[in-house]
C-alpha cells in the first residue's frame, strides 16, 4: 500500500501538502493538487477508513443545499431524502443546511452567498437556475475548494463535480410515447411547464418535441404556457389556455403546479374530454391518478435526489476522490392507477 510519504516524494511536495490535498483541507495550488491526486490515483492509494472517520469528525464539515420553492410539493420528498442522509452524516460531525428559493438567479445567488460567507459551508448541493451567473458562482466556489453537486436539474459549462437526477431528454421522449399510447386519433396538445430558466424543464420539452416530430405526426402541440410550479398560477394559465384553444384534448404538465391545472380542467367540465399526463407522486397527483383525472405520471426518485448529492460531497471532502461517474441518473418510473 503506497504511503503519503511516497506520494509526496513523487510529487515533489511536502507530506503536509499531500495531506491537505487528499483530505481537501486548506488551500493548495490547483495544478499541484491535481498532480497529487493523479499520482495517488495511479498508485491506487486508499486512505485508512478509520482515519477518514476521525478526520471527518475533526473537520466539522458543513454542507449547504439550495432547492427551488416550497410551492412545489415535489421538493418535500427531496427534503426527506436530505434529512435522512443528514442524520447519518451527523454521526461524523457533518451538518446540513437547507435553503429554498424561487426561480430567480439573484435570489439563488444570495442564498449561496449566505451559505458560503455566513455558514462557511464546505460543499454545496444545488438545484441550479440555468443562468451564467450561477455557472460562474459554481466555478468560483470550486476555485475556493468548495465543490458543488447539482441535483434535480443540471447546469452547463461549469465545474460542478457531479449531477444527480433524471435524464430529462429520455424522460421527455418517454412522455411523448405515453401520450401516443394514451390517446387515439388526432391529438391537440397543450403543454404547461414551470420555467424556461430551468434546464430540466427545457430538456424535457426538447426531448418531447423531438420525439413527436420524428414519430408521432398526429400529435399537434397547440401552445406552451408557464406556471412557475405554482398551483394558483397553473389554475389561471391552464384555464386561459383551454379557453383560447377549445380543440385541446390532451395536456402535458411537464413540471409542478399539476393540482392547480387539473382543478382548471375540472372546473371547466372537461375531465372526460382531456387526457392528462404529469410528473411525480406528490399526494395531490396520486389522488387525481386514483380518481382517473390524470392518466399517468412519470416519477423520478426524489429522495435519492436529496440524499445522493450529500453522499458524493461527503465522500469527496473526506477522501479527495472525485465520483467515479459524472451523471447519476434516477430511474424513469411510470405510474398508472393500477400501480400507484
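Give the percent of DSSP beta bridges with both residues in the chain that are antiparallel, rounded to the nearest 5.
10
Taking the Cα atoms of segment 184-340 alone, what are Rg (to one decimal) and Dmax (as a whole number) in Å?
Gyration radius and largest Cα-Cα distance of segment 184-340: 17.7, 59 Å.
Mind checking the angle between helix 302-319 and the chain's longest principal axis? C-alpha axes, 0 to 90 degrees, to the nearest 10.
The angle comes out at about 10 degrees.
Sort 118, 258 so that the residue with the fewest other Cβ atoms within 10 Å of its own Cβ comes first and the one with the most comes last.
118, 258
Pop a pseudo-label 7 angstrom from the Cα along the beta-carbon direction at both residue 15 and residue 34 and give the gap in nm to one decimal.
2.8
Working out 0.36 nm times the residue gap between residue 6 and residue 272, then minus their Cα-Cα distance, what length gain in nm do you get to one decimal?
88.5 nm
Ignoring solvent entirely, what values of log10 I(q)/I(0) come out of the Debye formula for the chain at 0.06, 0.08, 0.15 Å⁻¹ when each Cα is a single scatterer?
Relative scattering, expressed as log10 I(q)/I(0), comes to -0.26, -0.44, -1.14.
Along the Cα→Cβ direction, 7 angstrom out, place labels at residue 62 and residue 322. What is the inter-label distance in nm?
Roughly 2.8 nm, to one decimal.
Arranged by the count of other C-beta atoms within 10 angstrom, fewest first, what order do 74, 252 take?
Listing 74, 252 from fewest to most nearby Cβ atoms yields 74, 252.
If I take R0 = 45 Å and measure r between the Cβ atoms of residue 44 and residue 180 in this structure, what FRET efficiency does the formula 1/(1 + (r/R0)^6) give, to the nearest 0.05?
For R0 = 45 Å, the calculated efficiency reads 0.35.
Assuming a ≥ b ≥ c are the square roots of the Cα gyration tensor eigenvalues, decide whether segment 226-311 counts as rounded (a/c under 1.5), prolate (otherwise, with a/b larger than b/c) or oblate.
Prolate, because a/c is 1.5 or more and a/b exceeds b/c.
Can you give me the relative contact order of the chain as a percent, contacts being Cα pairs under 8 Å and 6 or more apart?
Relative contact order, the chain: 19 percent.
Round to the nearest 0.05 the FRET efficiency obtained for residue 236 and residue 159 when R0 = 45 Å and r is the Cβ-Cβ distance.
So the FRET efficiency works out to roughly 0.70.
Once you have all Cα-Cα distances for segment 213-263, histogram them in 5 Å bins from zero and send the whole-percent values.
Reading upward from the zero bin: 5, 21, 29, 21, 13, 9, 2.
Treating the angle as unsigned and between 0 and 90°, give the value, to the nearest 10°, between the Cα long axis of helix 258-267 and the longest Cα principal axis of the chain.
Once rounded, the angle reads 10 degrees.
What is the gain in length, in nm to one decimal, between residue 287 and residue 133 on full extension, counting 0.36 nm per residue of separation less the C-alpha to C-alpha distance?
51.5 nm
For segment 99-208, calculate the relative contact order in percent as a whole number, restricting contacts to Cα pairs under 8 Å that are 6 or more residues apart.
24
Would you calculate the convex hull of the Cα atoms in segment 4-46 and tell me its volume per residue in Å³?
57
Roughly speaking, what is the centre-to-centre gap between segment 202-241 and segment 150-201 when only Cα atoms are used, to the nearest Å?
10
Expressed as a whole number of Å, what is the distance separating the alpha-carbon centroids of segment 256-326 and segment 128-149?
Between the Cα centre of segment 128-149 and that of segment 256-326, the gap is 26 Å.
Set the Förster distance to 41 Å, then compute FRET efficiency between residue 333 and residue 140 from the Cβ-Cβ distance, nearest 0.05.
Efficiency, rounded to the nearest 0.05: 0.70.
Suppose a student asked you for the relative contact order of segment 168-299, using Cα pairs under 8 Å spaced at least 6 residues apart; what percent would you report?
26
Between helix 74-90 and the chain, what is the angle of the helix's C-alpha long axis to the longest principal axis, kept within 0 to 90° and rounded to the nearest 10?
With rounding to tens, the tilt is 20 degrees.
Give me 324, 243 ranked fewest to most by other Cβ atoms within 10 Å of their Cβ, as a rough exposure proxy.
With the sparsest Cβ surroundings first, the list reads 324, 243.
We did not get these values from a lab; they are worked out from the coordinates using the rules stated. Keep in mind that this is a model prediction, so the values were computed, not measured. Note that we place each Cβ from the backbone using ideal geometry, even for glycine, and neighbour counts take in every protein chain shown.
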